[in-house]
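Student: Please find one structure pasted underneath; my questions will follow.
The values are calculated or read from the model by the stated rules, or taken from the named source; none is laboratory data. In this text the structure is predicted, and so the values were computed from the model without any measurement. Cβ sites come from the backbone with ideal geometry, for glycine too, and all protein chains shown count toward neighbours. Remember, those area values only see protein heavy atoms, side chains included, never the ligands or the DNA or RNA. Shrake-Rupley method; radii C 1.70, N 1.55, O 1.52, S 1.80 Å.
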Amino acid sequence: MRNWKESKNCIFIKAPEPFNFKVNVDYFLRDPNECMYEIEENTITSVIEINHLRTLIQISEAGSDYLAVECLAGTKPESFEDKETIVNYICEWFDFDTDLLPFYEMGRRDLLLQPAIERFYGLRIMGLNDLFEALCWGILGQQINLKFAYTLKRQFVEKFGEYSDYNGKRYWVFPSYEKISKLTAEDMTDIKMTKRKREYIIDVAKLMENGDISKENLLHLDDLKQAEKELIRIRGIGPWTANYVLMRCLRYPDAFPIDDVGLINAIQFVKGMERKPTKDEIRELSAAWSTWEAYATFYLWRMLY
């Protein structure tokens, strides 16, 4: 049962310990081209859509213990069930169900993780709740730098997504798999991604539209390896993309994109190496991270961006 309360137009969600709202907001600011939310004065504004219920929300800190969630433009739901759906969405987005203390106990004994934990104490793996968005983001980010990936994401969202207007700004909803499943690769030619990536995204949308893959089904699998195998069978999804989705959307704490360029560069940076670490060296360095590979990777990423 989530710990939350409400007052007038606000929902207040109890934050777990340890949690640092500003550290998490800073993560959201890592690229100015992000199009799924706006950050202003330590406040996150975003549209969330759950079960076809679209709500424009502002999230801010209410003291050190609570997140304040204000529903804007008359979009606050009336029923308790719909309010609880919003609470559950935000708790999943901020990964409130994970107890970070065991990770910190392990990480403080690890020379590689120690600097990241000290610098970003209270950071949570900020999730991608929607499986289609997570898969698309993984495909978009393949073999390109993060800045260009954000540019492609914005082009894709603004071409095919819907939005809510508020105070002269547009707040975007990620394109639905139902809509994308009806497109052809030619419909996406003005988005500067490769033809193959366009095909991969449409294929994923069709699989989800047909019910061949869903978040619910993946969450009911027994373990990480089964879920990874199920994702890799999708055309365009390799081990890196699968583990990225397992970590950011399906919340497997042992998901580990070991071949990730950002992880490799972060290890090189933190250790002050003149060359990039080998895969065997990364395996050796990560031996103590068992069951916490996802958080270790996320914290090391933050050392770079």
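Student: Short version: ³J(HN,Hα) in whole Hz for each residue of region 51-56, in order, from phi by Karplus 6.51 cos²θ - 1.76 cosθ + 1.60 (θ = phi - 60°), x for Gly and Pro, what are they?
Tutor: Once θ is set to phi - 60°, the couplings for region 51-56 become 6, 6, 9, 9, 10, 8 Hz.
Student: Can you count the Lys pairs in region 1-83 with C-alpha separation below 16 Å, eight or more apart or on different chains?
Tutor: Summing the qualifying lysine pairs gives 7.
Student: What translational D, rounded to a whole number of µm²/s, comes out for region 8-83 from Stokes-Einstein when the hydrodynamic radius is the Kirkwood one over Cα pairs, at 25 °C and 0.890 mPa s?
Tutor: On the way: Rh = 13.4 Å.
The Stokes-Einstein estimate is 183 µm²/s.
Student: Share of region 1-151's accessible area from carbon and sulfur, percent, 1.4 Å?
Tutor: 46 percent
Student: I would also like to ask the following. Taking a probe of 1.4 Å, how large is the accessible area per residue of region 205-270, in Å²? Display every interim value, and only then the final one.
Tutor: Numbers: 3050 Å² over 66 residues.
That works out to 46 Å² for each residue.
Student: Starting from the Cα coordinates of region 153-194, work out the convex hull volume and express it per residue in Å³.
Tutor: Each residue corresponds to 73 Å³ of Cα convex hull volume.
Student: Given 10 Å bins starting at zero, what is the percent of C-alpha pairs of region 1-139 in each, up to the one with the largest pair distance?
Tutor: Answer for region 1-139: a P(r) of 10, 40, 35, 12, 2 percent.
Student: For GLU162, which sequence-distant residues (separation of 5 or more, or a different chain) have an amide H within less than 5 Å of its own amide H, given hydrogens modelled in the peptide plane?
Tutor: VAL173
Student: Continuing with the same structure: Quick one: dipole size for region 1-111, taken about the Cα centre, charges +1 on Lys/Arg Cβ and -1 on Asp/Glu Cβ, in debye to the nearest 20.
Tutor: 200 debye
Student: Among ILE213, LEU183, ALA68, whose Cα sits farthest toward the positive end of the charge dipole of the chain (+1 at Cβ of Lys/Arg, -1 at Cβ of Asp/Glu, about the Cα centre)?
Tutor: Of ILE213, LEU183, ALA68, it is LEU183.
Student: On to the next question. Evaluate the chain: find the radius of gyration of its Cα atoms, find its Kirkwood radius, and give the ratio Rg to Rh.
Tutor: My calculation of the ratio gives 0.95.
Student: Helix-only mean residue ellipticity at 222 nm, the chain, DSSP H runs n ≥ 4 weighted -39,500 (n - 2.57), per residue, nearest 500. What is it? List each step's numbers first, then the result.
Tutor: Working: 14 runs with 131 residues, N = 305.
Helix-only estimate at 222 nm: -12500 deg cm²/dmol.
Student: Something else now. What whole-number value in Å² describes the accessible area per residue of region 90-144 for a 1.4 Å probe?
Tutor: On the way: 2070 Å² over 55 residues.
Dividing the accessible area of region 90-144 by its residue count gives 38 Å².
Student: Shifting gears a bit: Count neighbours as other Cβ atoms within 10 Å of each site's Cβ, and list the trypsin sites (Lys or Arg not before Pro) in region 74-142 that are DSSP loop with at most 10 such neighbours.
Tutor: ARG109
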